[in-house]
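Student: Following this message is one structure expressed as structure tokens.
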Amino acid sequence: MSIENAKGMLIKATKGKYAIGAFNITDITQMEGVVEAAVNKKAPLIIQTSVEPSKFLGRKVMVAVYRAIAESAPIPICLHLDHCTDVAYCKQCADVGYTNIMIDASKLPFEENVRMVKEVTDHCHTVGDISVEAELGTVSGVEDQIKVVEDEAQLANPEQSVEFIERTGIDLFAPAIGTAHGVYKTKDPKVDFERLGKIAQLVNGQGVRIPLVVHGGTGLPPHTVAKLIEVGGAKFNVSTELKRTLIDAKFNYISEHRDEYNPGKVDKVVKAAITQAVEQWIDVLGSAGKA
Ligand SMILES: [Zn+2]
């Protein structure tokens, strides 16, 4: 029961009006910290890696560690590839055991986006029960090498969203609604709730088919998250916050223990900090006890 793709658990979340955290990890300590939080909270979990750490550790290593941890965990856990712009790498990750793939062709013209996403979806649905996420419009901000100038940000058109979903056959849909990658400059970022609500109505109004994904979770205030869940958001991506948590925890510990050379102690501190951050997110998303 532990190794699952994301679609089923997100359909349940959409119906139950809660959301599931998709937490980006860059190393094994972080993965362990994220899993510990979800186990403590009895919450379903999506672990994400962006392309860079997946290539650094190696996709096979990433999947092997995920499987080793997830198989013995008493909660359902997915392994998702986040924001991959390369069709070939999407397929390679699906082939070695990632349970979800995000093909991100959102910067390309609509027809090209459809063509690339459909190619990945067809592959993933052929090799196994692998769910596919894709984005329409542009989520602004910075994530890995994907840089989007703020002016260029375009939000997802609701009618075109329906066409995109139908023509690509995707399982999870990430419409650009004004959320951003990185750290928001204001405490109350402007988000287009109505747009997400309209898309949710068009796509899932007659029964939940395609769960909706909110990118740029870091820094969204709890009341904004609650409203996004209310109008149909089911998967919340949290990346920047965990990167900062890792670096800060490591830096602070080493600064205070400059003469100590015990990497295990540093890892323990990092893992505990990650676990704490993820537990807080699970509470905000309402997914505790839903595993
Ligand atoms: Zn994202």
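Student: So if I check each of 245, 186, which one is away from the ligand (no atom under 16 Å from the Cβ) and modelled with pLDDT under 95?
Tutor: Numbers: 245 fails: modelled with pLDDT under 95.
One residue alone meets the criteria, 186.
Student: Let me ask something else. Given the residues 88, 43, which is the only one that is away from the ligand (no atom under 16 Å from the Cβ), of a type outside the set (Lys, Arg) and without any contact (Cβ under 8 Å) to a residue 24 or more places away in the chain? It would help to see each step written out before you state the result.
Tutor: Working: 43 fails: without any contact (Cβ under 8 Å) to a residue 24 or more places away in the chain.
It is 88.
Student: While we're looking at this one, here's another question. Can we say residue 288 is touching a residue at least 60 places away in the same chain (Cβ under 8 Å) and either closer than 19 Å to residue 19 by Cβ or in a strand (DSSP E or B) (or both)? Steps first, answer last, please.
Tutor: On the way: touching a residue at least 60 places away in the same chain (Cβ under 8 Å): yes; either closer than 19 Å to residue 19 by Cβ or in a strand (DSSP E or B) (or both): yes.
The answer is yes for residue 288.
Student: Mind telling me which of the residues 162, 213, 208 ends up being outside any loop (DSSP other than H, G, I, E, B), in contact with a helix residue (DSSP H, G or I) (Cβ under 6 Å, 6 or more places away or on another chain) and either under 15 Å from residue 21 (Cα atoms) or not basic (Lys, Arg) (or both)? First the steps, then the outcome.
Tutor: Values: 213 fails: in contact with a helix residue (DSSP H, G or I) (Cβ under 6 Å, 6 or more places away or on another chain); 208 fails: outside any loop (DSSP other than H, G, I, E, B).
Criteria check complete, one pass: 162.
Student: Write out, first by first residue and then by second, each pair whose Cβ atoms fall under 7 Å of each other, whose residues are 6+ apart or on separate chains, and whose first residue, in the range 220-233, is part of a loop (DSSP other than H, G, I, E, B) while the second is crowded, with 22+ Cβ neighbours inside 10 Å.
Tutor: Short answer, once both residue conditions are applied: 220/179; 231/196; 231/200; 232/14; 232/196; 232/200; 232/212.
Student: Given the criteria within 14 Å of the ligand (Cβ to nearest atom), modelled with pLDDT of 95 or more and not hydroxyl-bearing (Ser, Thr, Tyr), does residue 238 qualify?
Tutor: Numbers: within 14 Å of the ligand (Cβ to nearest atom): yes; modelled with pLDDT of 95 or more: yes; not hydroxyl-bearing (Ser, Thr, Tyr): yes.
Yes.
Student: Continuing with the same structure: Consider the range 65-85. How many of its residues are within 16 Å of the ligand (Cβ to nearest atom) and either surrounded by fewer than 18 Cβ atoms within 10 Å (Cβ to Cβ) or on the phi > 0 side of the Ramachandran plot (or both)?
Tutor: 1
Student: Looking only at residues that are farther than 22 Å from residue 64 by Cα, at pLDDT 95 or above and within 16 Å of the ligand (Cβ to nearest atom) in the range 107-132, which one is nearest to the chain's Cα centre (by Cα)?
Tutor: Applying the filter and picking the extreme gives 117.
The values are calculated or read from the model by the stated rules, or taken from the named source; none is laboratory data. Being a predicted model, the structure only gives us computed values, none of them experimental. No Cβ is skipped: glycine too gets one built from the backbone with ideal geometry, and neighbour counts run over all protein chains shown.
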